[in-house]
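Notes follow once the structure below has been shown.
The values are calculated or read from the model by the stated rules, or taken from the named source; none is laboratory data. Here the structure is a predicted model, which is why all the values come from computation and not from measurement. Because the Cβ atoms are built from the backbone with ideal geometry, glycine has one as well, and the counts that use them run over all protein chains shown. Surface areas here come from the heavy atoms of the whole protein model, side chains and all, with no ligands, DNA or RNA. Shrake-Rupley method; radii C 1.70, N 1.55, O 1.52, S 1.80 Å.
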Amino acid sequence: MDDTSFPMHGIHEIFPLADEALPACSTPELEDKIRFLKEEMNAVILSHYYQDENIQDLADYIGDSLDLSRRAAATDADVIVFCGVKFMAEVAKILSPNRTVLLPDMQAGCSLEFSCPPQQFRAYREAHPDHLVLTYINCSAEIKALSDIIVTSTNAEAIIRQLPEGQPILFAPDKYLGHYLIKKTGRDMLLWDGSCIVHERFSERELIRLMTRQPEAHVIAHPECPEALLNHAHHIGSTSSLIAFTEQRPGQSFIVLTEPGIIHQMRKRSPGSLFFDVPGTGEGACTSCNTCPYMKMNTVEKLYRCMVNRAPQITLDPALMAAAEKPLARMLEMSKMIPASGSLHEASRQLL
Ligand code: 13P
Ligand code: SF4
């Protein structure tokens, strides 16, 4: 099937939809239609842990940024439906250029990506020609093309430890992750001044209040959090590392300093454990603005609509893709020793 066509089925009656148009049916019916379309299109649905619960439950594979990159690179499916943010879907396209990559909402960006405009980054890089440019995967394809090696929160420390001592490093765009990595590895790095609007806004005051009320709880944090928050954590790691930490301690309680969408997987894997999310310090009366506004742009309705319409679709200039692929390929090569940690729905093993 080419990219402009769409499936027509007797009982399911799936038609291309205008942006606002949605079938009048319940969520379970819509979910059935999505499963049916998935088979028809030979599609695979990849989801990040921060997606809505019902999207996670529809996905063939749920993982962190490294897991999802690896899955996208290895898939045999014709279509990758990416339930995450745009930079993640771009990585899928760069690593699997012959596949159609769909993103339910093309506005699903990332504040780290926005905090690193390519023109300014190019100038910064040119001002430090002796530095190796190590870039967090949360950035645009243009920034990747200006980088030497891409890292994720899962592999950053291991990759830095493989670099020769004395090699000057420029790290972008997340200053908090960069600062954490400097502390962990003892390597001096020049840091770009970017941050995640979700992780930098968790309220330390609310965290302390929760810790006082739940003295037995483990505090677990993503390294995108500022140091003041990380100083309270018993465990710091990528989304998959945080989930693994909770799985290894069934029946215990956890205060979770990352986007609360992840708690869905934690509860599924450890039903006897207790999980507490931490409120953000939002404007005015907002005491619970701790969700990622970009991740939450994807909905089951938009997921269905993008599959019917085969749009929005990720398209990138071939020269840009070729340039961005090099630092991603280096990342995959340098993280070979790190095992996969995402989770696969049993029924999808063969497709992936
Ligand atoms: P992970 O790679 O740890 O899943 O992080 C992705 C992300 O966007 C965190 O905000
Ligand atoms: Fe980007 Fe932060 Fe959202 Fe992750 S949580 S996708 S870093 S804005």
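Let me check I've understood the local charge: for Thr299, count other residues with C-beta under 10 angstrom from its C-beta, Lys and Arg +1, Asp and Glu -1. What total comes out? Display every interim value, and only then the final one.
Working: positive: Lys296, Lys302, Arg305; negative: Asp52, Asp105, Glu301.
Value of the local net charge: 0.
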* **Positive dipole terminus of the chain, leading residue within Pro260, Thr75, Ala158 (C-beta point charges)** => Ala158
* To do: Work through the residues other than Glu224 whose Cβ is under 9 Å from its Cβ and net out their charges, Lys, Arg +1 and Asp, Glu -1.
  => -2
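Using +1 on the beta carbon of Lys and Arg, -1 on that of Asp and Glu, and nothing else charged, what's the dipole of region 32-130 about the Cα centre, debye to 20? Let's see the in-between values first.
Working: 10 positive and 16 negative charges, 64 e Å.
Roughly 300 debye for region 32-130.
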* Structure fact -> Cα convex hull volume per residue for the chain, in Å³, equals 149 Å³
* If you build a Gaussian network model of the chain, linking Cα atoms that sit under 10 Å apart, which residue out of Asn298, Asn54, Asn290 swings the most? -> Asn54
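So for the chain: antiparallel DSSP bridges make up what percent, rounded to the nearest 5?
10 percent
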* Structure fact -> Heavy-atom accessible area with a 1.4 angstrom probe orders Tyr124, Tyr136, most exposed first, as Tyr124, Tyr136
* Asked: Which value, in Å² and to the nearest 10, is the accessible area of Phe276 when all protein chains are kept and the probe is 1.4 Å?
  -> 40 Å²
* In square angstrom, rounded to the nearest 10, how much accessible surface does Glu325 have for a 1.4 Å probe? -> 70 Å²
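Using r as the Cβ-Cβ distance of Asn98 and Thr212, and R0 as 56 Å, what FRET efficiency do you calculate, to the nearest 0.05?
Numbers: r = 54 Å, r/R0 = 0.97.
Rounded to the nearest 0.05, the efficiency is 0.55.
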* Quantify, in whole percent, the carbon and sulfur part of the accessible surface of the chain (1.4 Å probe; protein heavy atoms only). => 50 percent
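Placing unit charges on C-beta atoms (Lys and Arg positive, Asp and Glu negative, everything else neutral), compute the dipole magnitude of region 184-316 about its Cα centre in debye, rounded to 20.
Values: 14 positive and 13 negative charges, 113 e Å.
Here the size comes out at about 540 debye.
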* Once the whole set of protein chains is in place, how much accessible area is left on Glu53, using a 1.4 Å probe, in Å² to the nearest 10? -> 100 Å²
* Pull up all non-local amide H partners of Asp174: gap of 5 or more, or a different chain, and H-to-H distance under 5 Å with H placed in the peptide plane. => Tyr136
* Structure fact -> Between the modelled labels at Ala158 and Arg205 (7 Å from Cα along Cα→Cβ) the distance in nm is 4.1 nm
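Kindly provide the helix-only [θ] at 222 nm of the chain, computed as the sum of -39,500 (n - 2.57) over DSSP H runs of four or more divided by all residues, to the nearest 500 deg cm²/dmol?
-10500 deg cm²/dmol
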* Structure fact -> Other residues with Cβ under 13 Å from the Cβ of Glu31 give, with Lys and Arg +1 and Asp and Glu -1, a net charge of -3
* To do: State, to one decimal in nm², a quarter of the convex hull surface area for the C-alpha atoms of region 25-70, i.e. the direction-averaged projected area.
  => 3.4 nm²
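With a ≥ b ≥ c the root eigenvalues of the C-alpha gyration tensor of region 169-318, is it rounded (a/c under 1.5), prolate (a/b larger than b/c) or oblate? Could the numbers behind the result be given before it?
Numbers: a/c = 1.64, a/b = 1.16, b/c = 1.41.
Note, shape of region 169-318 comes out oblate.
Take every DSSP beta bridge with both residues inside region 196-276 and express the antiparallel ones as a percent of the total, to the nearest 5.
Working: 0 of 9 bridges.
Around 0 percent antiparallel, to the nearest 5.
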